[in-house]
Every structure is written in C-alpha cells, then in structure tokens.
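What follows is a set of notes on a single structure, which appears directly below.
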Amino acid sequence: MKIIVVAYGVLCYVVFLASFLYAIGFVGNLVVPKSIDSGPATALPVALAVDLFLLTLFALQHSVMARPAFKDAWTRIVPRSVERSTFVLIASLLLALICWKWLPIPAVVWDVSSPALRAALLALFAVGWLILLLSTFIINHFDLFGLRQVYLQMHGRVYTPVKFVERAFYKYVRHPLYLGFLISFCAAPRMSVGHLVFSIATTGYILVGIYFEERDLMTFHGAEYGLYRARVPMLLPTGAKRD
C-alpha cells in the first residue's frame, strides 16, 4: 500500500511537471506545437466562450479544492496522504486541457518591433517563471506538490503543516508566486487579443484567489500572519513597513 501511495504521488508530480513546462511554451509561443496564438481562427464569440469556460474550470477547481471545508469532506474519501497529490493531478490535467483546447484570437494588441525591447520582454517573461519556481522552494516545493506527504506516509511519520517563515521574496511581497505568474503572463513582445484575455482573466482569478487564501492563512496562523499582512505588500514590492 505504501509503495502504491508513493508511486501515485510521484506520478502526479510528473504530470504536473510536464503540464507546467508545456504551459511555459504555450504562454510564450515557444517551441511547443500548440501555443496560445497557434491554430485556426474561430468566430470571436465562440473563441471567447470556450476560452473563458476553460479558465473558469481551472479557477473553480483551485478555489473549491483548496478550501479547508472541502478538504475535510474530501479526505473522508481520499486518504490525507494523497489529498494534495490528487489536487495537483486534477489541476495539471485541467491546465493541459487549456493548452489543448484553447482557441486563439489572433488580432494584435501590440507587436514590439525593437529587437532590444523584445529581448527585454522575453527576459522578463523568463524572470517571472523563475520567481514563481523559486517561490515554491522557499515555502517548500515538495509539500506544495504532494511529495512530502507521500514520503512521510512511506516512513510512517505523521504529517505536520509547513510553518510560516518570512524569508527571501516573502520579505518584500506576500505572494511572489502569483507575482511571477502575472509578470510572465503580461511580458509578451507580441500581445494578441487571445493572450490579453488570458492575462486579464488569470489576473482576476489570482486577485480573488488571494482573498480566499489570505482568509485561510489568517485562520491557520492567526495574529502572526495578520502582522505580516499589515506590514508586507501583497504583490508589488513597494517596501515593507518596519516596526
């Protein structure tokens, strides 16, 4: 049984890794066969309806499955040791679905002609993904994606939640992981209407997600997180207030 749990956790992580790497190419129109701007054009109302439906599915899965009340009910069916891995698997499959079924809206919003500025935007695109990835390791990458949970299960150890620690990026903004997403989604040398729809919709979801996530963090960490929230900006590093 323990081997099955570990194998499942690793499989879920591999699916996440594949979908995450593909998503980088998808958003950046780089390397992958199907990107955010590739494919035949479709009637604007149809493309908007399909694309917003795909994004809504992803947002609802994250919003519902991440809530403590859902987790309490869900873990009556799914073992706690694989609850996070299952969340990661479903999220990764929905991300893959977006990449697969996304309908492009090719009309151009801007197209940067300056080689230097294009290079700068591509560099910023890469920096956004790097901030995102590094942020996961700062808060514990392996816990976030379910591997720590199955590892502890394999060794017969009780799971303990990761403690709140203010360090690195988290000294300057409360949500550097989301900031990395926003940078990467917007830093495009060529911005199509479809890409803009994607960026606006995901920005809206991120802001809503932060509201619910911070409510949960306040419940879990209490006054400690309240003081942190009062002092450190949410997304823009405008300078933490010092005591």
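Where a number appears in this text, it was derived from the coordinates with a stated rule and is not lab data. Please read all numbers here as calculations on a predicted model, not as lab measurements. Reconstructed Cβ throughout: ideal geometry from the backbone, glycine too, with neighbour counts over all protein chains shown.
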Considering the options VAL197, GLY222, LEU235, tell which one lies farthest towards the positive end of the dipole of segment 170-243, charges being +1 on Lys and Arg and -1 on Asp and Glu at the Cβ, about the Cα centre.
LEU235
Local electrostatic count, ARG80, Cβ distance below 15 Å [Lys/Arg +1, Asp/Glu -1]:
+3
Let me check I've understood the local charge: for LEU196, count other residues with C-beta under 13 angstrom from its C-beta, Lys and Arg +1, Asp and Glu -1. What total comes out?
-2
With r defined as the distance between the Cβ atoms of HIS221 and LEU57 and R0 fixed at 51 Å, what FRET efficiency is calculated, to the nearest 0.05?
0.95
Hey, rough spin-label estimate for LYS101 and TYR211, points 7 angstrom out along Cα→Cβ, what's it come to in nanometres?
2.7 nm
According to the Cα gyration tensor, what semi-axes, each the square root of 5 times an eigenvalue, does the equivalent ellipsoid of segment 74-147 have, listed from largest to smallest in whole Å?
35, 20, 6
For the chain, set up a Gaussian network in which alpha carbons nearer than 10 Å are linked by springs, and say which option among ILE206, ILE77, ILE138 fluctuates the most.
ILE77
Which residue, HIS175, HIS155, HIS62, has the most motion in a Gaussian network model of the chain that connects Cα atoms within less than 10 Å?
HIS155
Can you give me the C-alpha center-to-center distance between segment 98-120 and segment 132-149, rounded to a whole angstrom?
30 Å
Summing -39500 (n - 2.57) over the DSSP H runs of n ≥ 4 in the chain and dividing by its residue number, what mean residue ellipticity at 222 nm do you reach, to the nearest 500 deg cm²/dmol?
-22500 deg cm²/dmol
Taking the simple approach of a point 7 Å from Cα along Cα-to-Cβ for both TRP110 and VAL14, what is their distance in nm?
4.2 nm
Those helices of the chain passing the 27 Å axial Cα length cut-off and the mean Kyte-Doolittle cut-off of 1.0 (DSSP H runs only) are 2-28, 44-65, 80-101, 115-139
Among (i) 32, 24, 17; (ii) 25, 22, 15; (iii) 36, 26, 16, which is the computed semi-axes √(5λ) of the Cα gyration tensor in Å?
(i)
Using amide H atoms built 1.01 Å from N in the peptide plane, name the residues 5+ places from SER192, or on other chains, whose amide H lies under 5 Å from its own.
VAL109
About its Cα centre, how strong a charge dipole does segment 2-231 have in debye, to the nearest 20, once Lys and Arg get +1 and Asp and Glu get -1 at the Cβ?
540 debye
